[in-house]
Amino acid sequence: MPELPDVEVFRMYVDTTALHKKIRRVKLTDTGLLAGSSSAELKRRLKGAAFQATRRHGKHLGVHLDTDAWLMLHFGMTGQLDYAKINDDPPQHTRMALHFDNDYRLAYINQRKLGRIRLADDFDAFIAEQELGPDALQIERKPFLELLSDGRGTLKARLMNQNLIAGLGNVYTDEILFQAGIDPGTSMADVTPDVAADLWRTMRRVLRNAIDRHADPEEFPDSWLTPHRGEEKCPRCAGSLKQAKISGRTSQYCPACQSSPTS
Ligand SMILES: [Zn+2]
């Protein structure tokens, strides 16, 4: 599922492929992902415009058009982008294709249809309307410590709550907790300021490293958990990895390498 590093890679992909080209045609093959405007309005506002710049907040990608509107993309569980010559067959599950005047097109692909395509007048106002917390790569140490300072719920649920910190999903939260050596089921009551400060550093290191490696688990260091998801052996201690349902999501962790901070 696209999380912060994946969406950052999409953002850089748009920057290196689709900026400053006039949109000649808007092909919407599925209007189910469109929210807040009709397909006629989306087409009217995109046609003739060009991408000018991109921004990302959490798992949301914003594309600023030269008409001043923003095309806001969310990728749900399975979304991705593909830029190619128009005469190529569009990839399977393409929901929207933007044809540019250089005969290339950008396809927004989404198999499970959980994403969203929207128009916004202002990026920051849109993020505020979605009630998203600060971006996980932008949040400073002090506000991060404050978010983790009251003792309710589990640590994993807290980190994945987009209203508090935007960008972390199941996979990267598991990776951060694995690298920090903390059990995903840790109660917030056991998260001391020292533990929270260590988590903040680990979170930034994991996210930056993942982006540097194109958010591709095959490029991640072998000592990371993500390339070994679904496997039985811990890449660090060769002990058994475990799975547990925490806040409705399947967490993977190593009981030998990860513990609750107070235990
Ligand atoms: Zn281990």
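Quick note: the coordinates plus some simple rules give every number you see, no bench work behind them. Worth saying up front: this structure is predicted, and the values here are computed from it rather than measured. Here the Cβ is made from the backbone with ideal geometry for all residues, glycine too, and neighbour counts use every protein chain on show.
In the chain, the calculated helix contribution to ellipticity at 222 nm averages -8500 deg cm²/dmol per residue, counting -39,500 (n - 2.57) for every DSSP H run with n ≥ 4. Applying both filters, DSSP loop and at most 16 other Cβ atoms within 10 Å, to the trypsin sites (Lys or Arg not before Pro) of the range 142-178 gives Arg152. Applying the criteria of a DSSP loop state and at most 12 other Cβ atoms within 10 Å to the GluC sites (Glu not before Pro) of the range 200-241 yields Glu231, Glu232.
Working note: Karplus 6.51/-1.76/1.60 with θ = phi - 60° gives the range 85-100 the couplings 4, 4, 6, 5, 5, x, x, 4, 6, 5, 9, 8, 10, 9, 8, 9 Hz, where Gly and Pro are set to x. Neighbour counts of other Cβ atoms within 10 Å put Trp200, Trp224 in the fewest-to-most order Trp224, Trp200. For the chain, modelled as a GNM with alpha-carbon contacts under 10 angstrom, which of Ala107, Ala244, Ala215 fluctuates the most? Per the Cα network of the chain with a 10 Å cutoff, Ala244 tops the list.
Under 26 Å of direct C-alpha separation, and excluding same-chain neighbours fewer than eight residues apart, Lys113 reaches these lysines: Lys27, Lys43, Lys47, Lys59, Lys85, Lys156, Lys245.
Quick one: if the Förster radius is 41 Å, what FRET efficiency do His20 and Asp198 give, using the C-beta to C-beta distance and rounding to 0.05? According to the calculation, E is roughly 0.45.
Within the set of other residues whose C-beta is less than 14 Å from the C-beta of Gly151, count the net charge using Lys and Arg as +1 and Asp and Glu as -1. Each step should come with its number before you reach the end.
Numbers: positive: Arg152, Arg158; negative: Glu146, Asp150, Asp190.
Its environment carries a net charge of -1.
Note on the chain: with a GNM built from Cα contacts shorter than 10 Å, the maximum mean-square fluctuation among Ala40, Ala157, Ala53 falls on Ala40.
Ordered by the count of other Cβ atoms within 10 Å of each Cβ, fewest first, Cys237, Cys257 give Cys237, Cys257. Legend: calculated FRET efficiency, Ser223 to Glu131, from the Cβ-Cβ distance at R0 = 35 Å, rounded to 0.05, equals 0.45. Near Leu33: Cβ cut-off under 11 Å, other residues only, Lys/Arg at +1 and Asp/Glu at -1. The net charge is +4.
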